[in-house]
Amino acid sequence: MEKFKSKIDLWLILFLAIILGGMLIKLLYDGVWLVSLLIFSQIVFIAHMFTTTFYVIESEKLIIKCGFLINTSISVATIKKISETNNIMSSPALSLDRLEILYNKFDTVMISPKDKTRFIEAIQSINPQVEIKLKHKTFVN
């Protein structure tokens, strides 16, 4: 079993801290307790998502975990291609420095492992036929 943490963009943390933290401070200062509780709950939820987003390669399966919302298992044998992307679509990734995984026939998922090189090596050790398309490079084993 190999576990890969998600890379986290600093700008994302700062953006959320400024927006949600600023709102929470203003609401607390104004004494708006119910809305303050709602904003605090959102902060706790986001913190939970940040601490529980990871990817595990175990028994020829890629398991993608993001809080209690996403718990996906993909057979590594079905992975056709891994390519780098900066796509902003919603995904179990905490960074825009992402890998897009094409599996089955038309299924895709975007993830952001902190150690992309080791992640790709771990996938290729199970399925050497995976096409790897990094910026300016394409690898096919």
remark   = From fewest to most C-beta neighbours within 10 Å, the residues ILE82, ILE18 line up as ILE18, ILE82
Exposure proxy order (Cβ contacts within 10 Å, fewest to most) of MET1, MET23 = MET1, MET23
key: Residue-averaged [θ]222 nm for the chain, counting only DSSP H segments that reach four residues, each worth -39500 (n - 2.57)   = -10000 deg cm²/dmol
note = Among LYS7/LYS105; LYS26/LYS114; LYS5/LYS133; LYS5/LYS105; LYS26/LYS65, the pairs whose Cα-Cα distance exceeds 29 Å are LYS26/LYS114; LYS26/LYS65
ask   = What percent does the relative contact order of the chain come to when contacts are Cα pairs within less than 8 Å and at least six residues apart?
value = 23
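Count neighbours as other Cβ atoms within 10 Å of each site's Cβ, and list the trypsin sites (Lys or Arg not before Pro) in the stretch 50-141 that are DSSP loop with at most 11 such neighbours.
The qualifying sites are LYS105, LYS135.
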request  = Please sort by residue number the chymotrypsin sites (Phe, Trp or Tyr not before Pro) in the stretch 5-108 whose DSSP state is loop and whose Cβ has at most 10 other Cβ atoms within 10 Å.
outcome  = PHE68, PHE106
remark   = Rounded to whole angstroms and listed largest first, the alpha-carbon spread of the stretch 1-103 along its three principal axes comes to 56, 24, 19
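Ranking GLU60, GLU100 by Cβ neighbours within 10 Å, fewest first, what do you get? Intermediate results must be reported in sequence, preceding the final value.
Working: GLU60 10, GLU100 19.
Sorted ascending by nearby Cβ count, the order is GLU60, GLU100.
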note = Rg from C-alpha atoms of the stretch 89-129, normalised by the globular rule of thumb 2.2 N^0.38 Å, equals 1.21
task = Please report, in debye to the nearest 20, how large the charge dipole of the chain is about its Cα centre when each Lys and Arg carries +1 at its beta carbon and each Asp and Glu carries -1 there.
result = 220
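Computed from the coordinates by the stated procedures, all read-outs in this text should not be read as laboratory data. Keep in mind the model is a prediction, meaning the values are calculated, not measured. Virtual Cβ from ideal backbone geometry, glycine too; neighbours counted across all protein chains shown.
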